[in-house]
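Report on the structure given below.
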Amino acid sequence: MQRVFPGPPVEFEPGAIYDDLHADLPESPAGRPYVLLNMVTSVDGKAAIDGSAAGIGSATDQRLMRAIRAATDGVLVGAGTFRADKTNSTVGREREAARVARGLSPRPLAILLSRDGDLPFDREDFARPQPNRVSLVGGKTPPERRRKLAAWGRLFAAPTPEPEPDWALRTLREECGVRHLLVEGGPQINGILLAAGAVDEICWTLAPKLIGSGEGLTMLTGPALDSPRPLVLHTAYLHDGEFFFRYRVGR
Ligand SMILES: NC(=O)c1ccc[n+]([C@@H]2O[C@H](COP(=O)([O-])OP(=O)(O)OC[C@H]3O[C@@H](n4cnc5c(N)ncnc54)[C@H](OP(=O)(O)O)[C@@H]3O)[C@@H](O)[C@H]2O)c1
């Protein structure tokens, strides 16, 4: 693994580049967490294969994904990603031990953002409650779904029909103590948070693959941005033809 930016090129152990990421994250802004997005796309810009993110990134990408999680207090996904991919906030045994040594819980919170809680409640991850789960839903979520989500983890329902980004981020900061939040998609949630000016950093893996025209999904959908958002390259690493970028989002 080679760091190619900032230069000059330096060799690193593959997969270890984000081991100290927690020490490199800025303080959270007032009233919300510092927000990182982490996404992987193919060279032709696609963010899914047959409706799932599985198979785009390499094993190194998966390892780095767990390292980025381990640097944060919570891992959020939108309901679309939750339905499509079996997402969680696992970080691996070694990183659990390192988090505990830093005085943190073994894993970050697993956070789900849904408009009205229409979720696959018959899936096995709903069978057992876990203390580190949080769901954030819109105010129109029916009582039966709220009951199931309250059994799955901690439930917060918005005072408005939509779970507005400001409310969701403020709730995570103030009620759950989340200072650094990792958003693992999907593209709609990415778009909603970016349009709200609530994304501080993007970790992007560029996988050396072409997926082709059958798949339309890219890293970003949701509302249009009022103007192109400038990004400032922070670091770039290269391993086996796969690039791992960190960009800070310009204001
Ligand atoms: N390549 C990657 O790194 C990567 C990462 C993640 C996901 N993915 C792929 O992305 C796809 C899923 O992404 P997606 O864009 O369809 O879904 P998504 O962004 O994961 O979730 C969208 C959902 O968010 C909910 N939501 C919460 N607050 C909202 C608000 N204020 N306004 C609108 N919706 C709100 C809605 O849930 P309700 O349905 O409850 O209304 C909406 O359907 C999957 O194919 C997945 O594999 C790829």
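The values are calculated or read from the model by the stated rules, or taken from the named source; none is laboratory data. Just so it is clear, the model here is predicted, and its values are computed rather than measured. Here Cβ is always computed from backbone atoms with ideal geometry, including for glycine, and neighbour counts include all displayed protein chains.
Quick rundown of the values:
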{"read-out": "Checklist (1) assigned to a strand (DSSP E or B); (2) out of contact with any strand residue (DSSP E or B) (no Cβ under 8 Å at 6 or more places or on another chain) applied to A236, failing item", "value": "(2)"}
{"read-out": "Residue tally, condition touching a Ser or Thr at 6+ places or on another chain (Cβ under 9 Å) and under 30 Å from G222 (Cβ atoms), over the stretch 90-117", "value": "11"}
{"read-out": "Those residues of the stretch 59-82 which are surrounded by 20 or more Cβ atoms within 10 Å (Cβ to Cβ) and over 13 Å from the mean Cα position of the chain (by Cα), in sequence order", "value": "none"}
{"read-out": "Scope the stretch 104-138; condition among the aliphatic types (A, V, I, L, M), touching a strand residue (DSSP E or B) at 6+ places or on another chain (Cβ under 9 Å) and surrounded by fewer than 21 Cβ atoms within 10 Å (Cβ to Cβ); matching residues", "value": "L119"}
{"read-out": "Members of the stretch 48-74 found to be within 10 Å of the ligand (Cβ to nearest atom), under 28 Å from G103 (Cα atoms) and not hydrophobic (A, V, I, L, M, F, W, C), listed by number", "value": "D61"}
{"read-out": "Residue selected from the stretch 75-129 under the condition within 16 Å of the ligand (Cβ to nearest atom) and in a helix (DSSP H, G or I), by the criterion nearest to F156 (Cα to Cα)", "value": "A79"}
{"read-out": "Evaluation of T141 against (1) surrounded by fewer than 21 Cβ atoms within 10 Å (Cβ to Cβ); (2) within 16 Å of the ligand (Cβ to nearest atom); (3) farther than 19 Å from K86 by Cα; (4) free of Cβ contacts under 8 Å to residues at least 40 places away in the same chain (one fails), failing number", "value": "(1)"}
{"read-out": "Count of residues meeting criterion [in contact with a Pro (Cβ under 7 Å, 6 or more places away or on another chain) and hydrophobic (A, V, I, L, M, F, W, C)] in the stretch 186-207", "value": "5"}
{"read-out": "Residue count, the stretch 165-183 (criterion: within 11 Å of the ligand (Cβ to nearest atom) and in contact with a Leu (Cβ under 7 Å, 6 or more places away or on another chain))", "value": "3"}
{"read-out": "Residues of the stretch 150-164 classified as surrounded by 18 or more Cβ atoms within 10 Å (Cβ to Cβ) and within 11 Å of the ligand (Cβ to nearest atom), total", "value": "2"}
{"read-out": "Top-ranked residue in the stretch 171-198 [being over 11 Å from the mean Cα position of the chain (by Cα) and in a loop (DSSP other than H, G, I, E, B); ranked as surrounded by the fewest Cβ atoms within 10 Å (Cβ to Cβ)]", "value": "G177"}
{"read-out": "Test: residue in the stretch 136-144 that is within 25 Å of L225 (Cβ to Cβ), modelled with pLDDT of 95 or more and either assigned to a loop (DSSP other than H, G, I, E, B) or of a type in the set (G, A, S) (or both)", "value": "yes"}
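Yes or no, residue by residue, for (1) touching a residue at least 40 places away in the same chain (Cβ under 8 Å); (2) touching a helix residue (DSSP H, G or I) at 6+ places or on another chain (Cβ under 9 Å):
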| site | (1), (2) |
| --- | --- |
| M1 | yes, yes |
| D20 | no, no |
| K46 | yes, no |
| G57 | yes, yes |
| T60 | yes, no |
| R69 | yes, yes |
| D73 | yes, yes |
| V91 | no, yes |
